[in-house]
Amino acid sequence: MTESLAITKLSDLANPTRFMALVARLVPWLAAITALLFAVGLYMSFTTEGDYQQGDTVRIMYVHVPAAWLAMMCYTIMALSAIGTLVWRHPLADVSHKAAAPLGAAFTLLALITGSLWGKPMWGTWWTWGDARLTSVFILFLMYLGLIALNRAIDDPSRAARVAAVLILVGFVNIPIIKFSVEWWNTLHQKSSVLRLDGPTIDPEFLRPLLVMALAFTLLFFTLHLLAMRNEILRRRVSAQRRMSARIASRGDAA
Amino acid sequence: MIALLSRDLKLSVRAGGGALIGVLFFTAVVAVIPFGVGPDLNLLARIGPAIVWIGALLSSLLGLDRMFQTDREDGSLDLMLMQEHPLVLTVLIKCLAHWLGHGLPLVIASPLLGLFMNMDEMAIGATMATLLVGTPALTFIGAVGAAVAVALPRGGLLVSILVLPLAIPVLIFGVSAAYAAVEEPAPFLPPFLILIAITMFFAVLGPLGAALALRNADD
């Protein structure tokens, strides 16, 4: 019963006007909470103690780790939307994975840049090709760029969405590789220290700001994602109306 | 199915098919390397397996965009889509034909190019063996890219961009197996078996994805 209710709710959103109304109601709240969490998170990041070995550079973690999480979460959301596109032909799913690709690329780039800034003082190198985590995240970045290029290459939006969805699903093999790369290949990048079966091994002093920042980044992603989806819907409306007016104009010429 | 296999093979070998162009490109890429890094024979022997692998990877990308495009242009793709045979099997056969036409010549040409790079017999043999089991994976991955870009007018470059990230694991394990055969402490079998596993994995995923993309590419 509840499930069928959820499905009805979801298919209601196929109507773009309803979706736009929902976005208009949600976004101010989401943006406000995001700003608040960022204020708290940044304050905590800069006031908590530095690490006794790493000093202040440990604060890079509060941006690097959430950005990396988001890079993977964004791809997962895109994969779910891709299933929505291919299985249910949900028009909102098309918009969702198209809008998410640039965001995912941005978060991945942020994780790569902060990672190399952190790597220089800690490991003594900006980048290493020997580490599986680094290279697999770089591959993720390339895949995001490829998906953006594919979406731009095909004119018809619904065909672009379906074709891109196939590619997203095939590329999803990379996500488990990224997640487990630090366990399978024991190289430079450290092992996961927050999401573990035996509880986090990271000190609560660092964990608290990290979690606040992670939450802030997640909400930032959802805010931006909803806004990007709204922009995409508006863009499609504009192009549809342009086509319509062109048709009317040409009919006027003929008459 | 056999008919489709032989038809695709004939098309790829005869004029305009581009199977030999792939081998020529492979030769050209490998032959350019000594001009770039200099004629130091020891250095060439050391980087040889990697160069041969990269050359094979690049030249296997070369023919990909024509894999479904020619069929689309002359309308036979529509016939394949309407057939009662599962489309996945048809795509699998087309992949096999494409590999026999484009991938196998690369494998056969690789010992000669190994000689260019001053590699010893052991390294040449290992490179050839890894190419033999690794290039089918490249074809299967490439089939997805080719199917995705089938309706695009200038899909060739895009296919390469889409396929290369997914092909990196194949390159990694192919090259590391080839090196493991030459350098003593590293065992040859583990990376070689992983390479076979990757090929088998993509033999399932590739045709599935390509069939899905082909069904969605038109209408």
Practice task
Please work out if A:Leu80 is surrounded by fewer than 22 Cβ atoms within 10 Å (Cβ to Cβ) and within 14 Å of another protein chain (Cβ to nearest Cβ).
Solution key: no
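To keep it simple, each residue is scored yes or no on (1) modelled with pLDDT of 70 or more; (2) under 30 Å from B:Val159 (Cα atoms); (3) within 19 Å of the chain's Cα centre (by Cα).
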position: A:Ala149; (1), (2), (3): yes, yes, yes
position: A:Asn174; (1), (2), (3): yes, yes, yes
position: A:Ser192; (1), (2), (3): no, no, no
position: A:Glu205; (1), (2), (3): yes, no, no
Per the list (1) buried (at least 22 other Cβ atoms within 10 Å of the Cβ); (2) part of a helix (DSSP H, G or I); (3) within 14 Å of chain A (Cβ to nearest Cβ); (4) modelled with pLDDT under 85, residue check on B:Ala123 breaks on (3)
Condition set part of a helix (DSSP H, G or I) and among the charged types (D, E, K, R), scope the stretch A:117-166, selection nearest to A:Leu80 (Cα to Cα): answer is A:Arg162
In the stretch A:48-71, anything hydroxyl-bearing (Ser, Thr, Tyr) and at pLDDT below 80 is listed as A:Thr48, A:Tyr52, A:Thr57
Of the residues in the stretch A:59-103, those that are over 15 Å from A:Ile233 (Cβ atoms) and charged (D, E, K, R) number 2
Reported set for the stretch A:121-169 where residues are closer than 21 Å to A:Leu92 by Cα, without any contact (Cβ under 8 Å) to a residue 40 or more places away in the chain and in contact with a helix residue (DSSP H, G or I) (Cβ under 9 Å, 6 or more places away or on another chain) is A:Ala149, A:Leu150, A:Arg152, A:Ala153, A:Ile154, A:Arg159, A:Val163, A:Leu167
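One line per residue, one yes/no per condition, for (1) crowded, with 16+ Cβ neighbours inside 10 Å; (2) more than 28 Å from A:Ala160 (Cα to Cα):
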position	(1), (2)
A:Val58	yes, yes
A:Ala67	yes, no
A:Trp88	no, no
A:Ala93	yes, no
If we keep only residues of the stretch A:134-174 that are in contact with a His (Cβ under 7 Å, 6 or more places away or on another chain) and within 26 Å of A:Thr114 (Cβ to Cβ), then the residue surrounded by the fewest Cβ atoms within 10 Å (Cβ to Cβ) is A:Leu134
In the stretch A:88-105, residues that are under 8 Å from the mean Cα position of the chain (by Cα) and of a type in the set (A, V, I, L, M) total 4
Considering residues that are more than 9 Å from chain A (Cβ to nearest Cβ), part of a helix (DSSP H, G or I) and not β-branched (Val, Ile, Thr), the number found within the stretch B:158-191 is 14
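For (1) more than 16 Å from B:Leu61 (Cβ to Cβ); (2) surrounded by fewer than 21 Cβ atoms within 10 Å (Cβ to Cβ); (3) more than 13 Å from the chain's Cα centre (by Cα), each residue gets a yes or a no:
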residue	(1), (2), (3)
B:Ala146	no, no, no
B:Leu157	no, yes, yes
B:Met200	yes, yes, yes
B:Gly209	yes, no, yes
B:Leu214	yes, no, yes
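The values are calculated or read from the model by the stated rules, or taken from the named source; none is laboratory data. Not measured: the values here are computed from a predicted model. Glycine also receives a Cβ, built like all others from the backbone with ideal geometry; neighbour counts cover every protein chain displayed.
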